[in-house]
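To keep things clear, I will list the structure first and then write my remarks on it.
Bear in mind that the values in this text are calculations on the coordinates, not laboratory data. All figures in this text were calculated on a predicted structure; none of them were measured in a lab. Quick reminder, even Gly has a Cβ in these numbers, built from the backbone with ideal geometry, and neighbours come from all protein chains shown.
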Amino acid sequence: MACKIIIDTDPGQDDAVALLLALASPDELEVLGITSVAGNVPLELTTRNALMLAELAGRTDVPVYAGCERPTVRPLITAEYVHGVSGIDGANLPDPTTVPADGHAVDFLIETVMGNEVTTLCTLGPLTNIAVALEREPAIASRVDELVLMGGGFFEGGNTTPAAEFNIYVDPEAAAIVFTSGIPLVMMPLDVTHKALTSRANVEAFRALGNAAGHSVAGMLEFMERFDMERYGIDGGPLHDPCVIAYLLEPELFSGRDCYVAIETESELTMGMTVVDWWRLTDNEPNCLVMNQIDNDGFFRLLTERIGLL
Ligand code: RIB
Ligand code: CA
């Protein structure tokens, strides 16, 4: 039985690879819908990009719902410096021929979770849509089977401030709502995604697939990795968001630890920090499985194999 999932996303080149991986895996993942959120680029662009990627995957059967255009409390910050003005620079895709589904993403999230026995939420951007849905209908917390998120960092620090990773930093209040909701959480922080590094060989392997998806993925990764290579002085860029989908397909690729995680929402110095009680120094019960190890070869094998099916 395929796992029923909703993907909440702010494409973003790494979001794009995650979406393609999910849409290429219909036997294991029934994507009930894609919900866009403002993050890497403004909502209009993240929504447009999600439509283009569903078309690239030949999966226009999956509806795309536009979500929140700004965080719950703070002003929106975006990341064109990483992803380019379009959000998926390097993809070289045609304009979308489809349009978003009618209705707001938050209403879709609530109706779908309340209407299905089991739903898994996959979040690849700021947690704004999920938090607004929880505030509007708290009952969804007990019906979501699992929420797998890319976000946060601990031993690895942050990538937007010294303390905070982008997805959490953009909307820390939303993250705090999600991390105190009681929903079973699996977190893919920078501690694991910084080990999911592209290389010349695996970017060329995508291009060598010879299909439109492989060519677009190679172009996107070559655009996105330059920022991290310059910042960190490494030979390749981290592929953050596909870790979320890869976990659902092959959980054995990852390992980590059940921890209590809290979100900083007061201090401007550490705003958006994911404070992970890795050594169990408090009496707080764990609320999250925090991943910190990945089989990187297996990860790229899975990605290349599935992108090749599109
Ligand atoms: O910090 C990395 C995260 O922020 C990824 O999800 C990337 O797409 C951006 O949204
Ligand atoms: Ca993202």
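Annotations
- Sorted peptide list for 156-162, 119-125, 5-11, 63-69, criterion being average Cβ within 10 angstrom, highest first: 5-11, 119-125, 63-69, 156-162
- Karplus (6.51, -1.76, 1.60) ³J(HN,Hα), θ = phi - 60°, over region 142-149, in Hz, Gly and Pro reported as x: 8, 9, 6, 5, 6, 10, 9, 10
- For the pair region 150-207 and region 250-303, the centres of their Cα atoms are 9 angstrom apart.
- Projected label points at Glu135 and Arg207, each 7 Å from Cα along the beta carbon direction, are separated by 4.6 nanometres.
- Legend: calculated FRET efficiency, Ser255 to Val99, from the Cβ-Cβ distance at R0 = 41 Å, rounded to 0.05, equals 0.50.
- Database remark: amide H of Gly33 closer than 5 angstrom to the amide H of Ile7 (H placed geometrically; neighbours at sequence offset of 5 or more, or on other chains; Pro and chain starts carry no H).
- Rounded D (µm²/s) - the chain, Kirkwood Rh over Cα pairs, Stokes-Einstein at 37 °C, 0.692 mPa s: 174 µm²/s
- Peptides ranked, highest mean first, by Cβ atoms within 10 Å: ranges 229-236, 49-56, 142-149: 49-56, 142-149, 229-236
- Whole-Hz ³J(HN,Hα) from phi, Karplus 6.51 cos²θ - 1.76 cosθ + 1.60, for region 258-268, glycine and proline x: 6, 9, 8, 10, 10, 10, 6, 10, 10, 6, 5
- Ranking of Asp191, Asp241 by count of other Cβ atoms within 10 Å, fewest first: Asp191, Asp241
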